[in-house]
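The values are calculated or read from the model by the stated rules, or taken from the named source; none is laboratory data. Model, not experiment: these values are computed from the prediction. For neighbour counting, all protein chains shown are included, and Cβ atoms are generated from backbone atoms with ideal geometry for every residue, glycine included. Each accessible area value is taken on the protein alone, full model and side chains, heavy atoms only, with ligands, DNA and RNA left out. Shrake-Rupley method; radii C 1.70, N 1.55, O 1.52, S 1.80 Å.
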Amino acid sequence: MWPLYSGGADDPYVAVTRERTRTGLARAREREDRADWAIVRRKDAVVVGEAVLMDLDEDASSMSYRVALVGPEVFGLGYGTEATRLVRDFAFGPLGLHRLALEVNSFNAPAIAVYTKVGFVLEGVRRQAVRHEGAWHDVHDMAIVEGDPRP
């Protein structure tokens, strides 16, 4: 999981960040309002990302979802799609959720395509809500609800 949290070995915050990462992962293991998974490449058991269900709202029977991959070397290989499908099916199957939501930056077209492919629907756009590489970009709010098609 380390590449997700670090700028690399030359990062001046590596020691602090590494300890915070260990503490955060240990704390997440004990929480009952979220679920965290490592995305592991089958051929060599290397961790290539993480998938997380979080922000449980028991009254609304909903949670938020996020997925992150370690870097461009694993983009476009289906890891995000497979993880998103598995987590979606877990959320609506064993967990029995009614709604699963996420937010995605408008400049992340590949992620938007993955979420759409597995059944998430665009619900709204927060205009110019995030600054990235010196420019303002929109944030898309997407969700899938119980009963929606799950391709």
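Observations on the structure shown:
- Test: residue in the range 60-74 that is in a loop (DSSP other than H, G, I, E, B) and at pLDDT below 95: yes
- Counting the residues of the range 110-143 that are outside any strand (DSSP E or B) and either open to solvent by less than 60 Å² (accessible area, probe 1.4 Å) or on the phi > 0 side of the Ramachandran plot (or both) gives 10.
- Considering 103, 146, the condition of being closer than 23 Å to residue 33 by Cβ, in contact (Cβ under 8 Å) with a residue 40 or more places away in the chain and open to solvent by 50 Å² or more (accessible area, probe 1.4 Å) is satisfied by 146 alone.
- Every residue from the range 82-100 that is of a type in the set (D, E, K, R) and either surrounded by 14 or more Cβ atoms within 10 Å (Cβ to Cβ) or part of a loop (DSSP other than H, G, I, E, B) (or both): 82, 85, 88, 99
- Among the residues of the range 71-81, none qualifies, meaning not one is more than 26 Å from residue 29 (Cα to Cα), of a type in the set (Val, Ile, Thr), over 12 Å from the mean Cα position of the chain (by Cα) and surrounded by 15 or more Cβ atoms within 10 Å (Cβ to Cβ).
- Counting only residues that are at pLDDT below 75, open to solvent by 80 Å² or more (accessible area, probe 1.4 Å) and under 24 Å from residue 94 (Cα atoms), the range 11-46 holds 4 of them.
- For the range 47-68, the candidate set comprises residues that are more than 20 Å from residue 89 (Cα to Cα) and of a type outside the set (Asp, Glu); within that set, the residue that is surrounded by the fewest Cβ atoms within 10 Å (Cβ to Cβ) is 47.
This table checks each residue for (1) at pLDDT 95 or above; (2) touching a Pro at 6+ places or on another chain (Cβ under 7 Å); (3) within 24 Å of residue 39 (Cβ to Cβ); (4) of a type outside the set (Lys, Arg).
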{"position": "79", "(1), (2), (3), (4)": "yes, no, yes, yes"}
{"position": "87", "(1), (2), (3), (4)": "yes, no, yes, yes"}
{"position": "114", "(1), (2), (3), (4)": "yes, no, yes, yes"}
{"position": "128", "(1), (2), (3), (4)": "yes, no, no, yes"}
{"position": "133", "(1), (2), (3), (4)": "no, no, no, yes"}
{"position": "150", "(1), (2), (3), (4)": "no, no, yes, no"}
